[in-house]
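> Have a look at this one before I ask anything.
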Amino acid sequence: MRRTRVAARSSGQPRAVLGFVMALPPLLLIAVFAGLPIVLAVGYSLGHTGGLNSVTASYAQHQHVATSGWGTFAAYREMLATGRFRTDVAVTVLVTLLSTAVVLVLALGIALNLRLRGGRVAGAIAALGVIPLFIPVVIASWAILTFYSTDGFIRSVFAQVGLDAPALGFKVVTIVIGSVWTSLPFAVLMVSSGIQSVPDAVIDAARDSGAGLLRTTRSVILPMAFIPIVIATTFTAIGVLGSFTVPYFTGPNSPRMLGVDIQNYFAAYNQPQQAIVIAVTIFVLASGIAVLYIWANFRSANSKDL
Amino acid sequence: MARRLTTNVLLTLFLALLVVFILGPLLWLGIRAFATSWTYPNLLPDGWTLEWWRKVIADNQLSTAVQNSLTFAPLTVIVSAVICLPAAYAFGRHDFAGRKIMLVGIFATNAFPKMGLFVTMASMFYALGLMQTVLGIVIVHVMGTVVFMTWIPAAAFGAVPRSLEEAARDAGASPARVFFRVTLPLALPGILVAMVMSFLASFDEAQGTYLVGYPDYLTMPTQMYSLVLNYPLQMAAVFSILLSIPSVLLLALAHRHIMGGQLAEGFQLR
Amino acid sequence: MKRLTTVVALGAVTALALTGCAKKSGDDTAASSGGKTTVRVLISGDTNVQDLWDKGIVPGFEKANPNIAVTVELDLHGEHDSQNLAKMAAAVKGNSDSGMDLIDGGFVLQAAQAGFLAPADPSTVPGLSDVPGDIIKAGGGGGIPYRGSSVLLAYNSTKVAKPPQTLDTLLAWIKANKGQFTYNSPKSGGSGASFVTTVLDKYLSPADQQTLRTGYDQALESTWDKGFAELKSLNQYVYQGGVYPNGNAQVLQLLSAGSITMAPVWSDQFISGQKTGQIPATIKATQISDPSFTGGAAYLGIPKNSPNKAAALKLASYALTPAVQNVIATTIAGYPVIPLAKLPAQTQEIFKAAHPDTLRPTYFSQVTNDMNKAWDDKVPGK
């Protein structure tokens, strides 16, 4: 399937030029309204306070100004030396790993159940996993906070039988719960689509040769659905990494996730340069994850085109 | 047989937990929209009322926000489609230098936290005269939809079998006719999914909208924070339900295609 | 090709039609027509301040100035302060209209510092001639002080018969009554910030305190260490082992609901909350001493390139007239910034005990920013 599609993409000279021109409008839009500000922001974090950055520079506190032509890493050094920042990076990475792991397990469970058992119930479960896609994140965060808080559902249910359940509002755990809730749909869609496309014949053959359910899954289904699973993983991780709304509503004052830190450094501490250092940190971490995505895609493209 | 039973019991348990996990918070909040008051640890409210709905509907500022959200979302979808669909076709059907880099670049700019860009964006929008204009807000919203509107339709265009198009052309159809009679209908589910995702992205955008739109254009998400903390919890619940209605309608509309793998297809880099 | 044209045209028409549906929030109250000037007020704060403007200030001002209309927008808790400051800064630098003519909120002082605001002194705002010079100076050259308030210690009188009278006895009470006290994170509201400032000041000499109130001295901030150590040691005694809510209002809710017994609260929010019944009568408030909780003035700011500057200056000056100062005092229990002698005897009576003229001011705005960050770094979760 994939091979024929790639081969069928036309690549003649004039058509290639036409294709390039057609692809330009959205790229220009992004380059002007997102790319340029990003470049300027990174420049500001390196101490370049002139040009459009002079607006911010005129009210910022604790600013590091470039002394050499390319800039200075002083703002980065300052942040890395802050214990609080290091803790927040660690928590952000931890929440990202935990949420991604839980999301992946749930998505795999839902998808395998749909593939191997099938039926109306399995379909209903999969549909259930997609519902959060359609709920705005602000509402989701708020709903989750009230559900797990001191006077929320969980504690109410336990109180019915005289037990005292822990209040989960404003904890790191709440951020993980919220992140899992909001990221689940995309992962379910990716993973189940990947696993659905494994042909019946392959599964039957593996089973006929005596492989159990676990082995069939591990050595046949998962390798064949490798790419969608990697995509689900990387997109979930990148989404959680830079999230703001969920941790802002449901998380504790300390430790905090980096997305919330940006807001604080901007507004509450009046240190926009340091805020951008945090933004760049998120971007670098996300790029690290994105490499996994690109690697997986190229690996599969190469192995299939050869 | 015993094993099968265990699996079934485990599965039912898993399903029950999942239902509570996904739907619980929504129901718990939703019920409040009809509640007079609620005393911990009761599982149901103290009484029922429609009072909060009347209050929300009577509030002028809120209904303006609802109207704006319902305007900007479809507007964004249309503008985004006009700008991005030709590009999606090019990405799906043509091979040109830097194609993959462009695809990844579209995604990469999205991964930079927008909060770091407000000041520069504000300066630029002022310089271009876009501040407090409908066009300015639409630009902010469209930026958040470009990934969906290029990636997903690109995969859909790429998946249209060439043999069908060639057959139509052999039968004497003009290129435009082939495109509208063969290519577009086959790629339509993918485009539809991209439109739904774009609608939702626009519907959810709050930070940038506030930057560009304040004080003239406020949308539902920009108002949500004040609502949540400012009004009784019950009114926030009513507002949440209202905010979810368009999404749920879309879910009903595009459910089949989204579950059918159109979304998943779109995110594979080819 | 024909169909493509049709599709594009159809899309364009729909898009244009939709553009017309986007509704400006001011449309319904539209008053910009007929040669009227409109002053757009942005409040970054709590709902009681919006009530003050909507009911206490605007109607009287519009009546006295029939050719000026006023619109008021609230940004709750300053949630969008970073957007609004970014926008105003960019607008002033690029000489465009920022969409705000008069700002009532925390970032006014930040903007004044950067020179974005129209200079404010008795020559431009006549009402300022009645206001003490120190308070005007703390406004950084562009901030117009128009009301004051202080932080009080609120307590549940059904559980506490005799509230602590000094900071030391309060700290001892907190430690003796685990989980019964909390304050909001200083960045999220002034009542928490006041508690933190007060504990920090306990270990500072009066001269050092004065320096931090009137200017920015980063070196002096190292003297906070002892105070922060004290605050950190309170974590385990605070509500739920260290939960600090976001915002003044959330603390008041916890107190009203009986979840906690004692907390620092804004005097104006407390008094108006009791009036509306949101805070039960069993909650009482008192001031502590050695040192007392801080208070301070709220400042108005006018972007220096506001197209409606003249009208905005007029409105600011109006806010300082004895009549409005009396409204501020009676409706939201704010302290007047003009001499009490100019107010009706009844109002003077209310504030006799509070001594608004002897308010202990908060730190300078840049110092407060640093304090917010230091608290976040050093106290919660440690």
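The values are calculated or read from the model by the stated rules, or taken from the named source; none is laboratory data. Note that the structure is predicted; figures quoted are calculated from it, not measured. Counting neighbours? That spans all protein chains shown, and the Cβs are built from the backbone with ideal geometry, glycine included.
> Determine which member of the set B:147, B:212, B:138 is β-branched (Val, Ile, Thr), more than 10 Å from chain C (Cβ to nearest Cβ) and either buried (at least 24 other Cβ atoms within 10 Å of the Cβ) or touching a helix residue (DSSP H, G or I) at 6+ places or on another chain (Cβ under 7 Å) (or both).
Matching residue, one of B:147, B:212, B:138: B:147.
> Among (1) farther than 14 Å from residue C:213 by Cα; (2) modelled with pLDDT of 80 or more; (3) crowded, with 18+ Cβ neighbours inside 10 Å, which single condition is residue C:342 missing?
If we test residue C:342 against (1) farther than 14 Å from residue C:213 by Cα; (2) modelled with pLDDT of 80 or more; (3) crowded, with 18+ Cβ neighbours inside 10 Å, just (3) comes out false.
> Residue A:286 passes all but one of (1) more than 10 Å from chain B (Cβ to nearest Cβ); (2) buried (at least 21 other Cβ atoms within 10 Å of the Cβ); (3) not acidic (Asp, Glu); which number fails?
Evaluating residue A:286 over (1) more than 10 Å from chain B (Cβ to nearest Cβ); (2) buried (at least 21 other Cβ atoms within 10 Å of the Cβ); (3) not acidic (Asp, Glu) leaves (1) as the failure.
> Tally up the residues in region B:10-41 that are more than 9 Å from chain A (Cβ to nearest Cβ) and either touching a Phe, Trp or Tyr at 6+ places or on another chain (Cβ under 9 Å) or in a loop (DSSP other than H, G, I, E, B) (or both), please.
Total satisfying the criteria: 6.
> From the list A:133, A:94, pick out the single residue that is among the hydrophobic types (A, V, I, L, M, F, W, C), modelled with pLDDT of 90 or more and in a helix (DSSP H, G or I).
Checking each option against the conditions leaves just A:94.
> What's the total number of residues in region C:40-81 that are free of Cβ contacts under 8 Å to residues at least 60 places away in the same chain, under 17 Å from residue C:315 (Cα atoms) and not in a helix (DSSP H, G or I)?
Number of matching residues: 6.
> Then there is this: Taking residue A:248 as meeting all but one of (1) part of a helix (DSSP H, G or I); (2) within 11 Å of chain B (Cβ to nearest Cβ); (3) surrounded by 23 or more Cβ atoms within 10 Å (Cβ to Cβ), write down the number of the exception.
Every condition holds for residue A:248 apart from (3).
> Follow-up. Does at least one position in region B:86-102 carry a residue that is assigned to a helix (DSSP H, G or I), under 26 Å from residue A:51 (Cβ atoms) and out of contact with any Leu (no Cβ under 8 Å at 6 or more places or on another chain)?
No: region B:86-102 contains no residue that is assigned to a helix (DSSP H, G or I), under 26 Å from residue A:51 (Cβ atoms) and out of contact with any Leu (no Cβ under 8 Å at 6 or more places or on another chain).
> Could I ask something else about it? Which one of the conditions (1) touching a Phe, Trp or Tyr at 6+ places or on another chain (Cβ under 9 Å); (2) among the polar types (S, T, N, Q); (3) closer than 24 Å to residue C:38 by Cα does residue C:369 fail to meet, given that it meets all the rest?
Looking at each condition in turn, residue C:369 falls short on (3).
> Still on this model: Checking residue C:213 against (1) in contact with a Pro (Cβ under 8 Å, 6 or more places away or on another chain); (2) surrounded by fewer than 19 Cβ atoms within 10 Å (Cβ to Cβ); (3) basic (Lys, Arg), only one condition comes out false. Which one?
Every listed condition holds for residue C:213 apart from (2).
> Let me confirm something: among B:77, B:66, B:56, which residue is touching a helix residue (DSSP H, G or I) at 6+ places or on another chain (Cβ under 8 Å), part of a helix (DSSP H, G or I), closer than 30 Å to residue A:16 by Cα and more than 8 Å from chain A (Cβ to nearest Cβ)?
Sole residue among the options that is touching a helix residue (DSSP H, G or I) at 6+ places or on another chain (Cβ under 8 Å), part of a helix (DSSP H, G or I), closer than 30 Å to residue A:16 by Cα and more than 8 Å from chain A (Cβ to nearest Cβ): B:77.
Here is a yes/no grid of residues against (1) among the β-branched types (Val, Ile, Thr); (2) on the phi > 0 side of the Ramachandran plot; (3) surrounded by 15 or more Cβ atoms within 10 Å (Cβ to Cβ); (4) over 29 Å from the mean Cα position of the chain (by Cα):
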| site | (1), (2), (3), (4) |
| --- | --- |
| A:48 | no, no, yes, yes |
| A:55 | yes, no, yes, yes |
| A:70 | no, no, no, yes |
| A:75 | no, no, yes, no |
| A:89 | yes, no, yes, no |
| A:96 | yes, no, yes, no |
| A:111 | no, no, yes, no |
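> Residue pairs, Cβ under 6 Å, 6 or more apart or interchain, first in region C:232-254 and assigned by TED's automatic domain parsing to the domain that holds residue C:182, second modelled with pLDDT under 90 and surrounded by fewer than 19 Cβ atoms within 10 Å (Cβ to Cβ). List them.
Filtered contacts from region C:232-254: C:232/C:382.
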